[in-house]
Amino acid sequence: MVKMAGRAQEEIEKELAKEYTVLTYADYEAGIKEGKLLGLQCASCDKITCHPMPVCQWCGSRTLERTELSGEGELETFTVIRVPSEGFEDDTPYIPCLVKTKEGPSVVGRLDYDTERATQDLLGKRVKMGGAYTYKGDKFSGGPRTCPVFGVIE
Ligand SMILES: [Zn+2]
């Protein structure tokens, strides 16, 4: 058994798994499929954590409750993928993006936009979650994953 700072690794992992039951990654993906962007509300600092984590991303508190975000925010950054990594051949071209939500945390997703017309002028545009996309994934992602799809609000 591997010891870390006097505690069994197994014990630490079990503890972390318990914290994750507030909102697991599977819950997060299921929410996206129902059109909901789920996160965690911190009882200590009142801020929102997203994607799901065992602790508040702002203050480290473990006192978290499940909450629903608006799905709105602004486009923080993006890129157009024309040469796919292995496993993403069917998706190209596509636009992975990072959205700074109205509630604070930044969320990874796809941008629903014409890849031929996407320029840096899109940065800072208001976006809203409009659906879900499930990708097959590759040998590194351990199976299919679902992410939010954001559309630009004109
Ligand atoms: Zn907090």
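Here the Karplus relation 6.51 cos²θ - 1.76 cosθ + 1.60, evaluated at θ = phi - 60°, turns the backbone of segment 36-51 into coupling constants of 10, 9, 9, x, 10, 9, 8, 6, 7, 10, 6, 7, 9, 10, 6, 5 Hz, with x for every Gly and Pro.
ASP121 sits with roughly 120 Å² accessible to a 1.4 Å probe, with DNA, RNA and ligands left out of the calculation. Note on the chain: with a GNM built from Cα contacts shorter than 10 Å, the maximum mean-square fluctuation among THR49, THR67, THR21 falls on THR21. The apolar share of the surface of segment 70-154, taken as the fraction of accessible area on carbon and sulfur atoms (1.4 Å probe, ligands and nucleic acids excluded), comes to 48 percent. Per q in 0.11, 0.14, 0.18, 0.21 Å⁻¹, report the Debye log10 I(q)/I(0) for segment 12-97, using one uniform scatterer on each alpha carbon and no solvent. Listed by q, the Debye log ratios stand at -0.42, -0.63, -0.88, -0.99. Just checking the listed ones, PHE78, PHE88, PHE140: in the Gaussian network model of the chain with Cα springs under 10 Å, the one fluctuating most is PHE140. Pick from GLY35, GLY87, GLY73: which is most flexible by mean-square fluctuation in a GNM of the chain where alpha carbon atoms under 10 Å apart are linked? Of GLY35, GLY87, GLY73, the most mobile in the Gaussian network model is GLY87.
Among ARG82, ARG117, ARG145, the sequence by solvent-accessible area, most first, with a 1.4 Å probe is ARG117, ARG82, ARG145. Using the 1.4 Å probe convention, the accessible area of the chain works out to 59 Å² per residue with neighbouring protein chains retained. Pair-distance distribution of segment 70-154: all C-alpha pairs, bin width 5 Å, starting at 0; shares per bin in whole percent are 3, 15, 26, 25, 17, 11, 3, 0. With bins 5 Å wide beginning at 0, the percent of Cα pairs of the chain falling in each bin runs 2, 9, 16, 18, 17, 16, 10, 7, 4, 1, 1, 0.
Between ARG66 and CYS45, the contour length at 0.36 nm per residue exceeds the alpha carbon distance by 6.1 nm. Distance between the pseudo-spin-label points of ASP90 and THR21 (7 Å out from Cα toward the beta carbon): 3.5 nm. Within the full protein context, the accessible area of TYR133 is estimated at about 80 Å² for a probe radius of 1.4 Å.
The values are calculated or read from the model by the stated rules, or taken from the named source; none is laboratory data. Quick caveat, the model's predicted, so the values are computed rather than measured. All Cβ positions, glycine included, derive from the backbone under ideal geometry; neighbour counts span all protein chains shown. Please note that ligands, DNA and RNA were not included when accessible areas were found on the heavy atoms of the full protein model with its side chains. Shrake-Rupley method; radii C 1.70, N 1.55, O 1.52, S 1.80 Å.
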